[in-house]
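Take a look at the structure below.
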Amino acid sequence: MTEYAALLHAYGLAVDTPGHLAALAGDEPAARARALKHLRSAIIHQGTPWTATPPAALEVAALLADPRVTDPGLRAELLNFLAAVAEAGTITDIDLPGPDFDVDAALAEALRDGDEEGIWEDGRLQGALYVRAVLGCRQIVPALLATATAALSDPSPQVQAAAAHAIGACGGAWSAPTG
């Protein structure tokens, strides 16, 4: 089980992410819509991954095998999200060096007072967390590819198209350097 309280999305600590992920398999259309918005705006924000992105993407991939997630529109949206995660791992125009400090200790120190402002005040920590997020997206590409490949056999053409898109995105991420 992922500890989202120590992970970030575009709007801060990802403590709200587990509830959104659970809503994706729920019966409440409004909650599912909010959850999809959360994936598109907080977990991947304008193509930028966060430390919550890789574990959330793995949970979304697992949801595509969940028998409660049958709506073709929802399944296509989830596959499109996985494509965006794979694409986030293809960032190659910047150097992605490993940090020269203990990122977890720096994060814990920044959160010491329960105030995440310390994260945003430390550019070095921000950079290290970004590198962690990008590399995390790269590492999960095989799981995303397996999920998208399985979705090609879905009876819905909409889902099949989204699966093909995700497979293409995984191909781009798979060939990206691992920095």
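The values are calculated or read from the model by the stated rules, or taken from the named source; none is laboratory data. Predicted model only: the values in this text are computed from it and were never measured. In this analysis, Cβ positions are derived from the backbone assuming ideal geometry, glycine residues included, and neighbour counts consider all displayed protein chains. Ligands, DNA and RNA are excluded from the accessible area calculation, which covers all protein heavy atoms including side chains. Shrake-Rupley method; radii C 1.70, N 1.55, O 1.52, S 1.80 Å.
When the range 111-126 is limited to residues that are in a helix (DSSP H, G or I) and either aromatic (Phe, Trp, Tyr) or at pLDDT 80 or above (or both), the one that is most open to solvent (accessible area, probe 1.4 Å) turns out to be ARG124.
Can you confirm whether the range 127-134 contains a residue that is at pLDDT 85 or above, closer than 27 Å to VAL60 by Cβ and in contact with a helix residue (DSSP H, G or I) (Cβ under 6 Å, 6 or more places away or on another chain)? Yes - at least one qualifying residue is present in the range 127-134.
Report yes if ASP66 is more than 21 Å from TYR130 (Cα to Cα), surrounded by fewer than 23 Cβ atoms within 10 Å (Cβ to Cβ) and of a type outside the set (Ser, Thr, Tyr), otherwise no. So ASP66 fits the description; yes.
One line per residue, one yes/no per condition, for (1) open to solvent by 60 Å² or more (accessible area, probe 1.4 Å); (2) modelled with pLDDT under 95:
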| residue | (1), (2) |
| --- | --- |
| LEU8 | no, yes |
| ASP16 | yes, no |
| ALA22 | yes, no |
| ALA31 | no, no |
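Of all residue pairs spaced 6 or more apart or on separate chains, those with beta-carbon atoms under 7 Å, a first member in the range 146-159 that is modelled with pLDDT of 95 or more and a second member that is surrounded by fewer than 14 Cβ atoms within 10 Å (Cβ to Cβ) are GLN158/GLY73.
So which residues in the range 41-100 are of a type in the set (Lys, Arg) and either at pLDDT 95 or above or outside any loop (DSSP other than H, G, I, E, B) (or both), if there are any at all? Matches in the range 41-100: ARG75 only.
Residues in the range 1-17 that are closer than 8 Å to ALA52 by Cα and in a helix (DSSP H, G or I): TYR4 only. Mind telling me which of the residues PRO49, PRO72, PRO54, PRO67 ends up being in contact (Cβ under 8 Å) with a residue 24 or more places away in the chain and over 16 Å from the mean Cα position of the chain (by Cα)? After ruling out the rest, the residue left standing is PRO72.
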